[in-house]
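Beneath this line is the structure, given in structure tokens, with notes to follow.
The values are calculated or read from the model by the stated rules, or taken from the named source; none is laboratory data. The structure displayed is predicted, hence computed values, not measured ones. When we count neighbours, we look across all protein chains shown, and the Cβ atoms used for this are built from the backbone with ideal geometry, even at glycine.
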Amino acid sequence: MDTSQSIAPEVKKKISIFRKVLSKLIRVQNINFWALVGFLPAFIVARLLVYHFPNLFLEINGVHVHHLTYGIFLLSIAGILALNIKSWRLKIFSALVYGVGLALSFDEFGMWLHLEDNYWVRQSYDALIIVTAILVNIVYFSFIWKRLIHVIRTKGEHPIPDGEIASGDIALLPAGDK
């Protein structure tokens with residue numbers, strides 16, 4: 001039996017599913033989502049590289065250049081892009097760069113907090129957990145926070161029309177259940 005014929009439909013189906021998911025992701029209008037997409041993989045890759053390859057780093061004139069330096073440069077680039085671009089694709093790119101820069105910078109948060117060359121500091125883990133939680137809340141739960149703020153400001157006297165808060169947010173609930 002030829003296995004290439006039995007495998008090919010499965011592979012084609014997986015590729016088709018991946019393309020559908022990717023096409024839906026590209027249409028996501030929440031720019032914060034793209035910062036999270038840049039942040040999470042960059043954080044994971046940075047941690048894995050430092051753990052598995054601790055001697056993989058740039059050294060210039062005897063000075064170890066930490067990846068928080070790259071993060072600062074990427075945050076600067078993302079800031080300039082964000083201030084000067086109009087194209088939606090470039091805004092997505094800027095958000096991705098911002099997310100990567102944020103991950104690289106906060107991965108070494110403990111180092112810049114204590115100004116010591118000690119990568120494995122507890123504050124770095126805490127900072128990454130806090131930044132991740134904030135980004136996830138902004139991306140996936142901002143409509144809840146907006147409603148809560150509205151209720152607090154108006155003391156619950158003015159209801160929010162459906163659809164008004166969720167514009168630009170990723171809809172996690174069906175349209176009638178906002």
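Can VAL139 be described as at pLDDT 80 or above, touching a Phe, Trp or Tyr at 6+ places or on another chain (Cβ under 7 Å) and among the hydrophobic types (A, V, I, L, M, F, W, C)?
Spelling it out, VAL139 is indeed at pLDDT 80 or above, touching a Phe, Trp or Tyr at 6+ places or on another chain (Cβ under 7 Å) and among the hydrophobic types (A, V, I, L, M, F, W, C).
Say whether the condition of being surrounded by 20 or more Cβ atoms within 10 Å (Cβ to Cβ) and of a type in the set (A, V, I, L, M, F, W, C) is met by at least one residue in the range 52-67.
no
Which of the numbered conditions does ASN118 fail, given that it passes all the others? Conditions: (1) within 30 Å of PHE53 (Cα to Cα); (2) at pLDDT 80 or above; (3) not in a helix (DSSP H, G or I).
For ASN118, the failing item is (2).
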